[in-house]
Amino acid sequence: MSRARTVGRAWPRWLAATLLVLVSGCAAPAGYHSLGYLERPGVYVVRRGDTLYSIAWRYDLDYRAVAAWNGIRRPYRIFPGERLRLTAPARRRSRPARRAGAPPPPAANARRAPRWRWPTAGRVVGAFGAGGAGGIDVRGRLGQPVDAAAAGRVVYAGSGLPGYGKLIIIKHNDNYLSAYGYNRRLLVGEGQRVRAGQPIAEMGAVGGQGPLLHFEIRRDGRPVDPLRLLPRR
């Protein structure tokens, strides 16, 4: 077979791949986080600024499972250079006793949802599972207040998760976490308790999309559509 015929047969696949890349690039701003974007390693080496919650969030895991797999007890302190297992250990035939650090049985009200409120004013321009991937995108003004959507404790505040910019993660109870990304400025720090509606950040901008808040809610480590939990407006 001649080289010309080989190239002629191969170019449609090359063109399709190129168009897919271009379309993907137009669908989301640079650095945008989408569900399943990061491949989960078997072992993760802790870096400065990481928390157990941010690592679990990065790889769509329940923080309690990561703690149990690594024998980490509350308050879930980790240290740079520490190696964390990100997959469940192989099950034994006989049922072992519960390891230290495994999550306790849920309390009667453990799965009760917080009383959610909108984290900022603005129009939803990215829906869950589409433009907003694992959450929603809300358009507003640069610097406008970003509020805690429910009372809780800040378990991550930083810019170490790819695609989120300056990010805040709040733990509301054993089951629910919320996250606020693309911020210009963070107003709270890790370990701080916040009340519902308290300003926690200032809205920033991402790529060429203008001012946005990226907002996510996760239950037991898995993203849920915030529009199903937030009040209608």
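What's the exposure ranking of 142, 167, going from fewest to most Cβ atoms within 10 Å?
Going from least to most buried by this count: 142, 167.
Pull up all non-local amide H partners of residue 147: gap of 5 or more, or a different chain, and H-to-H distance under 5 Å with H placed in the peptide plane.
120, 200
Counting each pair of different Cα atoms once, what's the Kirkwood radius of segment 43-85 in Å, rounded to one decimal?
Computed over Cα pairs of segment 43-85, the Kirkwood hydrodynamic radius comes out at 10.1 Å.
Quick check on the exposure proxy: order 190, 39, 202, 216 from fewest to most C-beta atoms within 10 angstrom.
39, 190, 202, 216
Once you keep just the Cα pairs under 8 angstrom separated by 6 or more residues, what percentage relative contact order results for segment 123-228?
Numbers: 283 pairs, mean separation 33.9, N = 106.
Relative CO of segment 123-228 lands at 32 percent.
Could you check the simple spin-label distance between residue 159 and residue 85, using points 7 Å along Cα→Cβ, in nm with one decimal?
Reported label-point gap for residue 159 and residue 85 is 3.6 nm.
At a 10 Å Cβ-Cβ cut-off, how would you order 195, 58, fewest neighbours first?
Details: 195 10, 58 20.
The fewest-first ordering by Cβ neighbours comes to 195, 58.
Every number here is computed from the coordinates shown, using simple stated rules; none is lab data. Keep in mind it's a predicted model, so treat the numbers as computed, not measured. Methodologically, a virtual Cβ is constructed for each residue, glycine included, from the backbone with ideal geometry; neighbour enumeration extends over all protein chains shown.
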